[in-house]
1. Answer yes or no: is there a residue in the stretch 7-16 that is modelled with pLDDT under 95 and surrounded by 13 or more Cβ atoms within 10 Å (Cβ to Cβ).
2. Identify, from the list ASP72, ASP94, the residue that is outside any loop (DSSP other than H, G, I, E, B) and of a type in the set (Asp, Glu).
3. Which numbered condition trips up ALA65, out of (1) assigned to a strand (DSSP E or B); (2) under 12 Å from the mean Cα position of the chain (by Cα)?
4. Search the stretch 57-71 for residues that are within 15 Å of TYR103 (Cα to Cα) and pair each with any residue that is assigned to a helix (DSSP H, G or I) when their beta-carbon atoms are under 7 Å apart and the residues are at least 6 apart or on different chains.
5. Name the single residue, out of those in the stretch 92-102 being touching a helix residue (DSSP H, G or I) at 6+ places or on another chain (Cβ under 7 Å) and surrounded by 17 or more Cβ atoms within 10 Å (Cβ to Cβ), that is nearest to ASP74 (Cα to Cα).
6. Quick check: is even one residue across the stretch 42-49 outside any helix (DSSP H, G or I) and either at pLDDT below 95 or on the phi > 0 side of the Ramachandran plot (or both)?
7. Within the stretch 66-80, track down each residue that is surrounded by 10 or more Cβ atoms within 10 Å (Cβ to Cβ) and not acidic (Asp, Glu).
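The values are calculated or read from the model by the stated rules, or taken from the named source; none is laboratory data. The shown structure was predicted, so the numbers you read here are calculated from the model rather than taken from an experiment. Here the Cβ positions follow ideal geometry from the backbone for every residue, glycine too, while neighbour counts run over all protein chains shown.
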Amino acid sequence: MPAAFHHDRGTQVMGRWLLTCTAVATASVAVAGCSSTCSANADKLATLQRGMSSQEATAVMGCAAGTISSPDGDGVKRMEWRGPGSLFIATDLDFRDDKLLYYTTRSKLGF
């Protein structure tokens, strides 16, 4: 076989490792970019006002909620966004009669 077409096992493993690292790095950058544009942050939370409609609050947050729960027995609907600051933190906005009551931030890990 000509030398130009000869690959040893080490070269194949190194090539796969490099391809895997590149794919992981690309995915990490893409996820970080998404989370920064569509998540809660201090400025967005400071802009929220009690009594806003869910549509107004969604406009402030800059994207649709990731999770929306149906109204419970008290008529409260909860909408959830990521953040602030971490994929492991969530911000919940609670509405009654489509008016914002309050928001809370919590750990998604249960602590």
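1. No - not one qualifying residue is present in the stretch 7-16.
2. Of the residues listed, the single one that is outside any loop (DSSP other than H, G, I, E, B) and of a type in the set (Asp, Glu) is ASP94.
3. (1)
4. Once the first residue is within 15 Å of TYR103 (Cα to Cα) and sits in the stretch 57-71, its partners that are assigned to a helix (DSSP H, G or I) give VAL60/LYS44; VAL60/THR47; MET61/LYS44; ALA65/THR58.
5. So, considering only residues that are touching a helix residue (DSSP H, G or I) at 6+ places or on another chain (Cβ under 7 Å) and surrounded by 17 or more Cβ atoms within 10 Å (Cβ to Cβ), the one nearest to ASP74 (Cα to Cα) is PHE95.
6. Scanning the stretch 42-49 turns up no residue that is outside any helix (DSSP H, G or I) and either at pLDDT below 95 or on the phi > 0 side of the Ramachandran plot (or both).
7. GLY66, THR67, ILE68, SER69, PRO71, VAL76, LYS77, ARG78, MET79
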